[in-house]
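So the structure is just underneath, and the comments pick up after that.
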Amino acid sequence: MSEPKTQLPATDAERIGTNGGVIETDALIIGAGPCGLFAVFELGLLDISCHVIDILDKPGGQCAELYPEKPIYDIPALPVVTGQELTDRLMEQIKPFNPTFHLAERVDELQRQADDRFAVTTDAGTQFLAKVVVIAAGGGSFTPKRPPLDGIEAFEKSSVFYAVRRMEQFAGKDIVIVGGGDSALDWTVNLQPLAKSLTLIHRRDDFRAAPHTVEQMRALVADGKMSLMIGQVTTLHGADGQLSAITVRTKDQGEVQIACNAMLPFFGLTMKLGPVADWGLNVRENLVPVDTEKFETSESRIFAIGDINTYPGKLKLILSGFHEAALMAQQAHRYIYPDRKLLFQYTTSSSSLQKKLGVQ
Amino acid sequence: MAKITFVQPDGTEAVVDAATGITVMEAAKLNLIDGVDAECGGACACATCHVYVDDAWSERTGKPSEMEEDMLDFAFDVRETSRLSCQIRVTDELDGLVVRVPEKQF
């Protein structure tokens, strides 16, 4: 295949410019799940270039995060395909359009400018100016699960953390890590040398994490450098946001209290609508109402496709999201190229589409 | 067909008819049972359909598979009889099954 980028008309390359650190783009797609990825394809066929943002560190959305190995049976013409395979195939399909991905970033702010473009900022500080925005955020942004322990919110950010941003923050602390997966075990092994004391708590003496890390942890326990406790956290103790101890219900010793001033619970991810709710769109029961002609939200130039939208008869199916992407792209074209006539063409027979796809 | 009783944390009971072959999670969702969230839709990928199988039934529903055990790590207040209801398939032998909904799903 020839270099995809050269297939774009020269003007496209000019349009994707940066302006004082702000990335200018035709379309900004929020969410790199199957619908967001296919939107790149449909927009690309209409000469609309895209940047794609996702909170996960990989494309694929739920398909890649929740069920990469699980089979999907209702993708037209693919009798069976796993979540990861579907993602890989979509990535291959959109390659000619050369989208730019911004992964492990969450869109926090979105504001319409005087020229009808949208100023968008992520939690990593990346800034965009986009002519249209496509929300393809599925069930919302993946966020760490909060253990339903009474009063936990009060300790968050001061003693309870769901991620490690800077390791030094934990130096000299009495740390408790809860969980049995890779995050829990990786941070156990990495933070142990810095900690004053470290206790790993897991509900069973079996770990999902990589065997190598589990061995490292067991060696640290054998050397007396950290403790492993089999049980479940039931109560947090402390005041003014400062954790002082936790109660653990253990299998063998009943309830045990452990003194600690930092806790890191790793219970996986859940989906929350998140900042989408603050962008001035109509939102109903965590879904974004759209019309069924253009899949546009209550705000013009902002579209919503896939699981996150709602309309009469909506089905949360990947195939429905693909259809929505195609229709959305038609309207996006009218906004981005108001003077260009939109010609309906088939990829099978149109030499201009085939040129864009790099197959001619 | 099997009758399944869902017991809420406050003791409220709901008895539903479940067709053979569906999962206990699906039976809960079809009958709008509170407290069974099933965020992932039954892919054994989220642990939000966690239930406690009544002691009298835990032998017949069997033990969780390894994958389910792994996923139970993401549930809250896991006990001996904890199961993910999306992984229990309804059979005629489960007619009368009693499961308890936990106080909280994550």
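In percent, how large is the relative contact order of the range A:68-126, given Cα pairs closer than 8 Å and 6 or more residues apart? Answer for the range A:68-126 is 20 percent. Among the aspartates and glutamates, which fall within straight-line cross-link reach of A:K314, defined as a Cα-Cα distance under 19 Å, with same-chain neighbours fewer than 8 residues apart omitted? Result set, ordered by chain and number: A:D74, A:E285, A:D291, A:E293, A:E296, A:E324, B:E39.
For peptide B:66-74, what's the mean number of Cβ atoms from other chains within 10 Å of each residue's Cβ?
5
Taking A:T188, A:T250, A:T25 in turn, the Gaussian network model of chain A (Cα-Cα springs below 10 Å) assigns the largest fluctuation to A:T250. How many partner chain Cβ atoms sit within 10 Å of a residue's Cβ in peptide A:241-253, on average, as a whole number? Counting Cβ atoms of other protein chains within 10 Å of each residue's Cβ and averaging gives 0.
Restricting the range A:183-245 to trypsin sites (Lys or Arg not before Pro) that sit in a DSSP loop and have at most 16 other Cβ atoms within 10 Å of their own Cβ leaves A:K196, A:R204, A:K225.
Taking GluC sites (Glu not before Pro) as exposed when DSSP calls them loop and at most 12 other C-beta atoms lie within 10 angstrom, chain B has its longest site-free stretch at B:1-79. Considering only A:Q192, A:Q84, A:Q62, the Gaussian network model of chain A with Cα springs below 10 Å gives its largest mean-square fluctuation to A:Q192. For peptide A:136-146, the mean count of partner chain Cβ atoms within 10 Å of a residue's Cβ comes to 1.
If you count the DSSP beta bridges with both ends in the protein assembly as shown, what percent of them are antiparallel, to the nearest 5? Don't jump to the answer; show the numbers that get you there.
Details: 45 of 85 bridges.
Here the share of antiparallel DSSP bridges comes out near 55 percent.
Taking the centroid of alpha carbons for each part, the range B:42-70 and the range A:274-291 are 35 Å apart.
Under a GNM of chain A (C-alpha, springs under 10 Å), which listed residue has the highest mean-square fluctuation: A:A219, A:A326, A:A245? Its mean-square fluctuation being the largest, the pick is A:A219. Pairs exceeding a 27 Å alpha-carbon distance, out of A:K251/B:K3; A:K131/A:K157; A:K145/B:K29; A:K70/B:K29: A:K251/B:K3; A:K131/A:K157.
Exposed loop sites here are GluC sites (Glu not before Pro) assigned a DSSP state other than H, G, I, E or B and surrounded by at most 12 other beta carbons within 10 Å; excluding them, the longest clear run of chain A is A:70-284.
Rounded to the nearest 500, the helix-only mean residue ellipticity at 222 nm of chain A stands at -7000 deg cm²/dmol, with each DSSP H run of n ≥ 4 adding -39,500 (n - 2.57).
Just so you know, all these numbers are worked out from the coordinates, no wet-lab data involved. Please read these numbers as outputs of a predicted model, since none were measured by experiment. Counting neighbours? That spans all protein chains shown, and the Cβs are built from the backbone with ideal geometry, glycine included.
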